[in-house]
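For reference, the structure is listed below as structure tokens.
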Amino acid sequence: MTNPNPLQQGIKATWQAILALGVLSIVLGVIIAVWPGPTTLVVGILFGIFLLLTGAFQVIAGLLGETQHRVLTVISGALALVLGVSCFRDDVINSVAILGIWIGVSWIFSGVTSITIGISDKQLPSRVWVVILGLISLAGGAVLIAYPFSVEVLVLVAGIWAVAIGIVQVISAFQLRSTAKQVQQRVSDLVG
């Protein structure tokens, strides 16, 4: 068997990273749903870590990517990084309110970005899932802005959102892997 070329390695790393983020989202969402009260602090820290990782991934993808939506992806990632850092504040009540509003705004922005990308990029595999992800983020953001001071609402919406986003990311990762295999087979057929 031949060694994979850098493009194949990049595609493999990308779908695996998306899969890992999806699984992390599902696990985080289940933990939030099962233990909402006692784990609020832990959830805040875990969610902060998740936002930092997601934000970094989006910023890197936006800076290195070749899509027409690089600026939106970088801005969305930078906002996630700011939100991630805000999860580590000491003042719980104000932190929850600020976090709820910021997460709501971030999810709305992320949702609009995903919907825009899904509708406008005709070549994008899994366009429907990108739009669904955008709609879920948009709805979750609206709920969080409407109830920013409620820890229960924040935790519940965060848990549901994390599971939903994780499912979409896992599906997208496997679709990306499948598309990459199809392209690789077509290239092999043309070359061989």
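The values are calculated or read from the model by the stated rules, or taken from the named source; none is laboratory data. All values derive from a computational prediction rather than experimental measurement. As a convention, Cβ positions derive from the backbone with ideal geometry for all residues, glycine included, and neighbour counts pool all protein chains shown.
Taking the stated definitions as given, is Leu51 touching a Gly at 6+ places or on another chain (Cβ under 6 Å), modelled with pLDDT under 85 and within 25 Å of Leu72 (Cβ to Cβ)? Spell out how you get there, then give the answer.
Values: touching a Gly at 6+ places or on another chain (Cβ under 6 Å): yes; modelled with pLDDT under 85: yes; within 25 Å of Leu72 (Cβ to Cβ): yes.
Here the answer is yes, as Leu51 does meet what is asked.
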**OP:** Kindly establish whether Val128 is surrounded by fewer than 15 Cβ atoms within 10 Å (Cβ to Cβ) and modelled with pLDDT under 85.
**Re:** no
Original post:
Considering only residues of segment 163-192 that are assigned to a helix (DSSP H, G or I) and small (Gly, Ala, Ser), which is farthest from Leu19 (Cα to Cα)?
Top reply: Ser188
